[in-house]
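Working notes for the structure below.
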Amino acid sequence: KALDAFAKSTKLGKINRERVEIPLSTGTMPALYTRAAGEGPHPVVVYCNGLDSCKELLYWSRLPEALARRGISTLCVDQPGSGETLRLQGLPVDPHSESWASKAVDWLEAQADVDPKRIGMTGISLGGHFAPRAVAYEPRFASGAVWGANHNWREVQDKRLNREGENPVPHYWAHVMWAFGAKDMDEFLAKSTDMNLNGHMDRIKVPFLVTHGATDRQISVSYADDLYDQLVNAPRREKVIFTAREGGVEHVGADNMSYGRDCIADWFAETLGGVTA
């Protein structure tokens, strides 16, 4: 019903978002494609979920609108372990995000309105693991950014088991086991071993932006420092920590998402050749 209502609102509101299906090695990856205004070919950004979001919420973060105003299209994806791909197809999280991100790039390269040399990648929350990993291993990405750095999510699980930090939801452990396709905690911990970006970030050789809230209670701001420090081969790297002065201090700027949204949109406008002020 929710998907039907969303599709109906898209049609009746004549909203700039098209549902598409991207082939995977198993199943498909449903996505929402928001086109930049004007004649193409345009740059485009692949935008992926966190642990418990969906492509519709990605659209409602308003980042696709912000990018479209800057002449950049957006592909919001329900990657394995999220949204429809998990709930309707049963496809679990794949820590090696390049496996599905490369399929998104394949699809984009076949679109007449896309400039294949100007494809970027970003992710929100746990997407702060998936996006850097994908950019590190998929050489066709020309720029990257994270809306919240998840540099060592496996370590975060160990800390949560020791009751360090806050669980995002009360049923957290049941949720992550489901998302990872694990039958018990031991299997989940084994499957999440590779949710760690240490030793991979030196592969990134394109511009990369790290954003994080100063008082994020779910994922420590120290992980933003780790990610930034390891981007040693990026020709341009920036780190933006949102403080109480401007807002956006909580996890993925939940208290004020406008700063993260505009920061990331401006970054891609600068690094992918979109429209800047």
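What follows is calculated from the coordinates using simple rules that are stated; it is not laboratory data. Keep in mind that what you see is a predicted model, and the values were worked out from it rather than measured. Here the Cβ positions follow ideal geometry from the backbone for every residue, glycine too, while neighbour counts run over all protein chains shown.
Listing for the model above:
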| quantity | calculated |
| --- | --- |
| Pairwise Lys count, the chain - Cα closer than 27 Å, eight or more residues apart or different chains | 22 |
| Square roots of five times the Cα gyration tensor eigenvalues for the range 30-183, Å | 29, 15, 14 |
| Integer Hz, Karplus 6.51/-1.76/1.60 couplings in order for the range 103-111, x for Gly and Pro | 5, 5, 5, 3, 5, 5, 5, 8, 8 |
| Residues with amide H under 5 Å from that of Arg237, placed H, sequence gap 5 or more | Phe208 |
| Listed residues Asn49, Asn167, Asn196, most fluctuating in the chain (Gaussian network, C-alpha, under 10 Å) | Asn167 |
| Placed amide H near Ser143: partners under 5 Å, 5+ positions off or other chain | Met121 |
| Rounded to whole Hz, the Karplus (6.51, -1.76, 1.60) HN-Hα couplings of the range 79-91, x for glycine and proline | 5, x, x, 8, x, 4, 4, 7, 6, 9, 10, x, 8 |
| For the chain, built as a Gaussian network whose Cα springs stay under 10 Å, the top-fluctuating residue of Ser73, Ser192, Ser143 | Ser192 |
| Sequence-distant residues sharing a close amide H with Gln218 (under 5 Å, placed H) | His251 |
| Formal net charge of residues neighbouring Lys205 (Cβ-Cβ distance under 14 Å; K, R +1; D, E -1) | +2 |
| Once exposed loop GluC sites (Glu not before Pro) are cut out (DSSP; at most 14 other Cβ, 10 Å), longest piece of the chain | 40-163 |
| Viscosity 1.567 mPa s, temperature 4 °C, Stokes-Einstein D of the chain from Kirkwood C-alpha radius, µm²/s | 70 |
| Hz values of 3J(HN,Hα) by residue in the range 202-215 - Karplus curve (6.51, -1.76, 1.60), Gly and Pro given as x | 6, 7, 6, 10, 10, x, 9, 10, 10, 10, 6, x, 4, 10 |
| The range 230-277: trypsin sites (Lys or Arg not before Pro) falling in loop per DSSP and having at most 13 other Cβ within 10 Å | Arg236, Arg245 |
| Taking the chain and dividing mean pair separation by its residue count, relative contact order in percent (alpha carbons under 8 Å, at least six apart) | 17 |
| Loop sites in the range 150-224: trypsin sites (Lys or Arg not before Pro), DSSP, at most 11 other Cβ within 10 Å | Arg163, Lys183 |
| Chain lengthening between Glu18 and Ala244 when straightened (0.36 nm per residue, less Cα-Cα) | 77.7 nm |
| Total charge dipole magnitude, the range 1-74, about the Cα centre, Cβ charges on Lys, Arg, Asp, Glu only, Debye to nearest 20 | 260 |
